[in-house]
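Enquirer: Attaching a single structure in structure tokens format; questions to follow.
The values are calculated or read from the model by the stated rules, or taken from the named source; none is laboratory data. Since this is a predicted model, take the numbers as computed values, not measurements. All Cβ positions, glycine included, derive from the backbone under ideal geometry; neighbour counts span all protein chains shown.
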Amino acid sequence: MRESMRNILPVALLAAALAVPVASASAAETKPVIAQKSKSAEIEVTIDPALKAYPGLYENLLAEGQRDAAKWRKDADQSLREEPQMFKDRRRNTYDRSYKQRSVVGHYVAILRDDGSYAGGAHPNSYTDTILWDTTARKRVSIRPFFKETADNGPTMTTMAKLVRAAACAAKEKRGAGCDSPADVSGIESKLLGIGPVTPAPSTEAGKSSGLTFHFSPYGLGSYAEGSYTLFVPWTDFKDDLSPEGAALFGGTRPQSDVAAFDEP
């Protein structure tokens with residue numbers, strides 16, 4: 001973690017140490033809901049058990065996982081037929097996916113969907129996407145209801161894109177990746193579907209969100225070596241663009257535990 005540890009009290013260190021076995025035990029309990037192994041592929045999909053609490057959500061994620069697992073296996077089978085030399089020494093293509101609860105704000109549940117794969121080459125690949133589930137409508141939705149308007153290249157999306165680019169530029173500078181100007185950051189469009197995978201961030205105020213986090217995979221904002229980026233934009237930066245529903249969902253500040261969890265630069 002990049003946060004300085006010099007001000008943390010010994011009691012906090014003890015609490016953190018005691019928390020490790022609990023976290024490990026929780027992770028161990030999340031067993032794959034899909035586990036397949038063939039001559040060409042090894043596939044695993046896990047779903048956070050906490051997501052069973054929302055009717056329809058767990059089933060929706062499982063169905064998606066099953067569809068994609070079938071596609072991955074089909075692709076691997078084709079690769080084995082066409083390039084058998086790539087599978088020598090019993091190497092298989094590997095695919096894994098996890099669905100994890102990110103936050104719960106009002107009647108919205110945010111999920112991080114992390115994919116990893118390796119089919120030969122210099123390095124494995126990873127990709128993060130986000131899902132927002134409306135527990136009232138029992139379906140996937142976007143952040144559109146949070147804002148007064150969300151037209152492509154309209155005032156709200158233009159403002160949001162500038163804020164995300166500024167956060168990206170600052171993060172790149174801290175990593176030593178270099179960024180002369182936020183305008184130089186590519187991969188962020190002034191569009192609802194082009195601004196980046198987004199989730200409401202947790203807040204110090206119960207039931208609220210402290211802002212929006214944007215989750216970019218390796219290659220999303222730069223080279224593979226730069227890694228992934230999680231960018232945070234506080235709600236106070238876009239509060240004037242919020243709809244009445246959105247205004248009711250945001251408040252407070254981002255907990256330090258959330259910053260630490262994503263190991264921001």
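Enquirer: Would you pick out the residues in segment 124-159 that are assigned to a loop (DSSP other than H, G, I, E, B), within 24 Å of P55 (Cα to Cα) and of a type in the set (A, V, I, L, M, F, W, C)?
Expert: Taking segment 124-159 as the starting set, the residues that turn out to be assigned to a loop (DSSP other than H, G, I, E, B) are 124, 135-138, 142-143, 148-154.
Applying the additional criterion that residues be within 24 Å of P55 (Cα to Cα) yields 135-138, 142-143.
Those that are assigned to a loop (DSSP other than H, G, I, E, B), within 24 Å of P55 (Cα to Cα) and of a type in the set (A, V, I, L, M, F, W, C): A137, I143.
Enquirer: Do we have D77 as touching a Ser or Thr at 6+ places or on another chain (Cβ under 6 Å), modelled with pLDDT of 95 or more and more than 28 Å from Y229 (Cα to Cα) here?
Expert: yes
Enquirer: Which residue pairs have Cβ atoms closer than 6 Å, lie 6 or more positions apart in sequence or on different chains, and pair a first residue in segment 66-84 that is not aliphatic (A, V, I, L, M) with a second residue that is not in a helix (DSSP H, G or I)?
Expert: W72/I43; W72/Y95; R73/A41; D77/S40
Enquirer: Is there any pair linking a residue in segment 135-162 that is over 18 Å from Y108 (Cα atoms) to one that is among the hydrophobic types (A, V, I, L, M, F, W, C) and part of a helix (DSSP H, G or I), with Cβ under 8 Å and at least six apart or on different chains, and which?
Expert: Hits for this filter: T150/M157; A151/M157.
Enquirer: Identify, by number, the condition in (1) over 16 Å from L112 (Cα atoms); (2) surrounded by fewer than 15 Cβ atoms within 10 Å (Cβ to Cβ) that P49 doesn't meet.
Expert: Just one mismatch for P49, condition (1).
Enquirer: Same structure, new question: Which of the residues spanning segment 224-256 are touching a residue at least 40 places away in the same chain (Cβ under 8 Å) and of a type in the set (S, T, N, Q)?
Expert: Once the filter is applied, which keeps residues that are touching a residue at least 40 places away in the same chain (Cβ under 8 Å) and of a type in the set (S, T, N, Q), segment 224-256 yields S228, S243, T253, Q256.
Enquirer: For segment 69-84, give me each residue that is charged (D, E, K, R) and buried (at least 17 other Cβ atoms within 10 Å of the Cβ).
Expert: Of everything in segment 69-84, just one residue is charged (D, E, K, R) and buried (at least 17 other Cβ atoms within 10 Å of the Cβ), namely R73.
Enquirer: Restrict the check to segment 112-120 and report whether at least one residue is within 15 Å of T230 (Cα to Cα) and either not hydrophobic (A, V, I, L, M, F, W, C) or not assigned by TED's automatic domain parsing to the domain that holds V33 (or both).
Expert: The answer is yes, given that some residue of segment 112-120 is within 15 Å of T230 (Cα to Cα) and either not hydrophobic (A, V, I, L, M, F, W, C) or not assigned by TED's automatic domain parsing to the domain that holds V33 (or both).
Enquirer: Among the residues of segment 227-245, is any farther than 21 Å from N125 by Cβ and either assigned to a loop (DSSP other than H, G, I, E, B) or modelled with pLDDT under 95 (or both)?
Expert: yes
Enquirer: Something else about it: Only one of these is touching a helix residue (DSSP H, G or I) at 6+ places or on another chain (Cβ under 6 Å), among the small types (G, A, S) and in the same structural domain as G252 (by TED's automatic domain parsing): S190, S228. Name it.
Expert: S190
Enquirer: So, in segment 218-265, of the ones that are among the small types (G, A, S) and within 15 Å of V164 (Cβ to Cβ), which residue ends up surrounded by the fewest Cβ atoms within 10 Å (Cβ to Cβ)?
Expert: Step one: of segment 218-265, the residues among the small types (G, A, S) are 220, 222-223, 225, 227-228, 243, 246-248, 251-252, 257, 260-261.
From what is left, the residues that are within 15 Å of V164 (Cβ to Cβ) are 220, 222, 228.
Values: G220: 20, G222: 21, S228: 16.
Step by step, filter segment 218-265, then rank; the result is S228.
Enquirer: Then there is this: Can you tell me which of E189, E173 is farther than 30 Å from E82 by Cα and over 20 Å from the mean Cα position of the chain (by Cα)?
Expert: Selected residue: E173, the only one of E189, E173 that is farther than 30 Å from E82 by Cα and over 20 Å from the mean Cα position of the chain (by Cα).
Enquirer: Condition first: without any contact (Cβ under 8 Å) to a residue 12 or more places away in the chain, surrounded by fewer than 20 Cβ atoms within 10 Å (Cβ to Cβ) and not hydrophobic (A, V, I, L, M, F, W, C). Can you find one or more residues in segment 99-121 that meet it?
Expert: Yes - at least one qualifying residue is present in segment 99-121.
Enquirer: Take the residues in segment 123-146 that are farther than 14 Å from L61 by Cα and aromatic (F, W, Y), then tell me which one is surrounded by the most Cβ atoms within 10 Å (Cβ to Cβ).
Expert: Checked segment 123-146; the qualifying residue surrounded by the most Cβ atoms within 10 Å (Cβ to Cβ) is F146.
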